[in-house]
Every structure is written in structure tokens, then in C-alpha cells.
Amino acid sequence: MVKKMDAGDIFVQDKIEILETDNNEVLFDKLSVLGTKLLIENLDNIVDGKIKGIPQKEDEVTYAWNLTKEEEKIDFNKTSKEIFNQIRGLANQPGAYAIINGEIIKIYSSKVCETNDNSLPGTILQINKKLIVKTNDSALEILLLKPSGKAIMKASDFLNGQKILKINDTFA
């Protein structure tokens, strides 16, 4: 144990594949299982000195600062892949968000979809059964969202009774 945060020797490491379907919660669970497995398999050998720690290179350490509200906001001028990764990285807590017609909508799940539409990024392309928004390079289908004051819901359910979104409206 050392007094610095996220410092100390590395005793064992492993890799895990990050799937397109993984979000922050799924990845946390996978890493928790992997960490438990590594600890059970190696703790006795660490205590007995059979596995020696390797010092971390302090000049290669990176820190994850607290997210700001601005980093949670979706910028539809980015690529679909960048936005997709932002949404899944913020899924569940704290959630990515976008603003349209003065309303904040949290977005928890999406998928990249192709389009030949040349509308401006952030433009709503479809609200009939699917919520599709133009990005810089293609489009994104919003799958799970949470309007202000409501519960998380499927975008298709939200679209059934909503009066916030119209075709060609643009997310700010």
C-alpha cells in the first residue's frame, strides 16, 4: 500500500474485450468479475512473494478528472461513432444529454445508422417509430432516453405521445 491515489506496484494484469454492446455499467461488471478472479488466483503468491510487483511509471499515469456538465452534453457536430461512445460511456450515470426546444433530454442508448441526408448535424430526421438524428458524418438512432421529469423509456414509447420533437427540429 502507498499513500498516493492509484499508485503502487502492479502485480498481475489481464485484458478484456470491450464489445460494441458494452456500456459503462456492463464494463464495470465485467472488470469486477475479472478483478475478483485475478485476486483469488494470485493473492497467495503475492503474499508469499512468488509474484513480485512492478513499479508503475509515474510519467505514464493518467487521471480521470470529474466530468463537467458540458462534457455530458452531446455535440452532434461530432461523428456518429464519437457520440455513440460518449452515450455508452455515460450510460446509466450520469447520462449524456441534448437540448431541444428548451427541453433537456437524457440519452442512455443509441446506435449508428447510415443516411444520405445532408441536413445540419443535430437535425431530427425521423420521429415515426424511430428517433433518428443527423450527426456530422451519418446519423444516430436514439434507443433509450429520459425526458425531464419522466422515467427512462424506449424512444419508440416516447415518440407515441410526445409533443416536443418535430421533423427538422435541431438539437442545440
Being modelled with pLDDT under 95, of a type outside the set (A, V, I, L, M) and not in a loop (DSSP other than H, G, I, E, B) is true for just one of 82, 25. Which residue is that?
25
Restricting to the stretch 90-106, and then to whatever is more than 18 Å from residue 160 (Cβ to Cβ) and part of a strand (DSSP E or B), can you tell me which residue is most open to solvent (accessible area, probe 1.4 Å)?
104
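Residue check: is residue 146 crowded, with 16+ Cβ neighbours inside 10 Å, within 23 Å of the chain's Cα centre (by Cα) and closer than 19 Å to residue 83 by Cβ?
yes
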Every listed condition ((1) within 14 Å of residue 100 (Cβ to Cβ); (2) in contact with an Asp or Glu (Cβ under 9 Å, 6 or more places away or on another chain); (3) surrounded by fewer than 19 Cβ atoms within 10 Å (Cβ to Cβ)) holds for residue 155 save (3)
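Out of 105, 51, 87, report the one residue that is within 16 Å of residue 171 (Cα to Cα) and in contact with a helix residue (DSSP H, G or I) (Cβ under 9 Å, 6 or more places away or on another chain).
105
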Any chance the stretch 47-60 includes a residue that's without any contact (Cβ under 8 Å) to a residue 24 or more places away in the chain, outside any loop (DSSP other than H, G, I, E, B), open to solvent by less than 90 Å² (accessible area, probe 1.4 Å) and not basic (Lys, Arg)?
no
Can you tell me which residue in the stretch 124-136 is farthest from residue 162 (Cα to Cα), limited to those that are open to solvent by 10 Å² or more (accessible area, probe 1.4 Å) and not charged (D, E, K, R)?
136
Selection from the stretch 107-131 of residues within 28 Å of residue 24 (Cα to Cα) and part of a loop (DSSP other than H, G, I, E, B) yields 114, 115, 121, 122, 127, 129, 130
Could you go through the stretch 64-72 and let me know if any residue there is modelled with pLDDT of 95 or more, within 19 Å of residue 23 (Cα to Cα), open to solvent by less than 90 Å² (accessible area, probe 1.4 Å) and in contact with a strand residue (DSSP E or B) (Cβ under 6 Å, 6 or more places away or on another chain).
yes
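The values are calculated or read from the model by the stated rules, or taken from the named source; none is laboratory data. Note that the coordinates shown come from a computational prediction; the quantities given were computed from them, not determined experimentally. Glycine also receives a Cβ, built like all others from the backbone with ideal geometry; neighbour counts cover every protein chain displayed. Side chains included, ligands, DNA and RNA excluded: accessible areas come from the protein's heavy atoms. Shrake-Rupley method; radii C 1.70, N 1.55, O 1.52, S 1.80 Å.
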